[in-house]
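This report concerns only the one structure given below.
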Ligand code: GAR
C-alpha cells in the first residue's frame with residue numbers, strides 16, 4: 001500500500017516567513033512526505049494568516065484571552081488539530097509556550113525552529129528579536145538557528161539540526177535576524193523532510 005502523506009499543521013504568531021518557506025518547499029518538492037493541511041495563529045492580524053489564505057490552506061486563529069487558562073486554549077487548538085487529522089505540528093514563529101494537553105497528544109510530534117544555536121540563547125523570554133539583541137550584547141561572533149523536537153522543557157528538546165552564521169561587529173539585531181532567517185528558511189523544510197522520512201503515521 002502506498003504511504004500517505006503526513007498532515008502538517010503550522011503554528012504561527014507573526015510574519016510567517018518560515019511558513020512561506022515551508023509552503024514553497026511543499027510546492028517545489030523539497031518536502032515530499034507531507035502536506036500543510038492547517039495553519040493556526042494565536043494572533044488574528046498575523047501576516048502569516050494572509051500567506052496561508054493566499055496559498056489556499058485552511059487556517060484558524062484563536063485568542064488566548066477568550067479562554068480561562070492556557071490549558072483550555074491549547075485544548076481548543078488540539079480539537080482543531082484532531083479534526084484536521086494532523087500528524088505533525090510545526091511551530092514557526094509561534095510565540096506561546098505549549099501546555100500539557102498539546103504536548104501529551106503530540107508527544108515527539110511537534111517541531112520548533114529557534115533563532116539561535118541552542119542550548120545558547122534559549123528558554124522562557126528568549127524569542128524573536130530578543131535573541132538577536134542578546135547575542136549582539138554579549139559580543140559572540142557566531143550565532144545561527146536550531147530545529148528541535150518540542151518537549152515540556154522550553155527550547156530543550158532533542159536537537160535535529162543546526163546552521164550557523166557569522167555575527168559581524170557592525171551587525172544590528174535586524175541585520176543578524178535577516179542573515180539567520182535565510183538559514184532558517186533552508187534548514188526547517190530540509191529537516192522536516194528528513195524527519196518525515198522516518199516518520200510512522
Ligand atoms: C523566526 O526567527 C523564528 O526562529 C523565531 O521567530 C521568528 C519568526 O519569523 N521563533 C522563535 O523565536 C521561537 N522561540 P517568521 O514569522 O517570519 O517565521
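Here, each number is a calculation from the coordinates, and none is a lab measurement. If you're wondering where the values come from, they're calculated on a predicted model, not measured in any experiment. Glycine gets a Cβ as well: all are built from the backbone with ideal geometry, and neighbour counts include every protein chain shown.
A helix-only calculation puts the chain at -11500 deg cm²/dmol for mean residue ellipticity at 222 nm, using -39500 (n - 2.57) for each DSSP H run of at least four residues, averaged over all residues. Across all C-alpha atoms in region 69-178, the radius of gyration and Dmax reach 15.5, 49 Å.
With all pairs of different C-alpha atoms in the average, the Kirkwood value for the hydrodynamic radius of region 91-135 is 11.6 Å.
Work out, in µm²/s and without decimals, the Stokes-Einstein translational diffusion coefficient of region 1-82 at 37 °C, 0.692 mPa s, Rh from Kirkwood over C-alpha pairs. Answer, rounded: 244 µm²/s. The mean sequence separation of alpha-carbon pairs under 8 Å and at least six residues apart, normalised by the residue count of the chain, gives a relative contact order of 22 percent.
Based on alpha carbons, the Rg and Dmax found for region 12-131 are 14.2, 42 Å. Quote the Stokes-Einstein diffusion coefficient, in whole µm² s⁻¹, for region 117-201, based on the Kirkwood radius over alpha carbon pairs, a temperature of 20 °C and a viscosity of 1.002 mPa s. The diffusion coefficient I find is 157 µm²/s. P(r) tail, region 112-161: Cα-Cα pairs separated by more than 14 Å, 43% of all pairs.
Based on a Kirkwood Rh over C-alpha pairs, give the Stokes-Einstein translational diffusion coefficient of region 155-197 at 37 °C and viscosity 0.692 mPa s in µm²/s. D, rounded to a whole number, is 276 µm²/s. Given R0 = 35 Å, the distance between the Cβ atoms of residue 79 and residue 182 translates into a calculated FRET efficiency of 0.45. Note on residue 168 and residue 50: their simple-model spin labels are 2.9 nm apart, each label 7 Å out from Cα toward Cβ. Just so you know, the averaged projected area of the alpha carbon convex hull for the chain sits at 11.1 nm².
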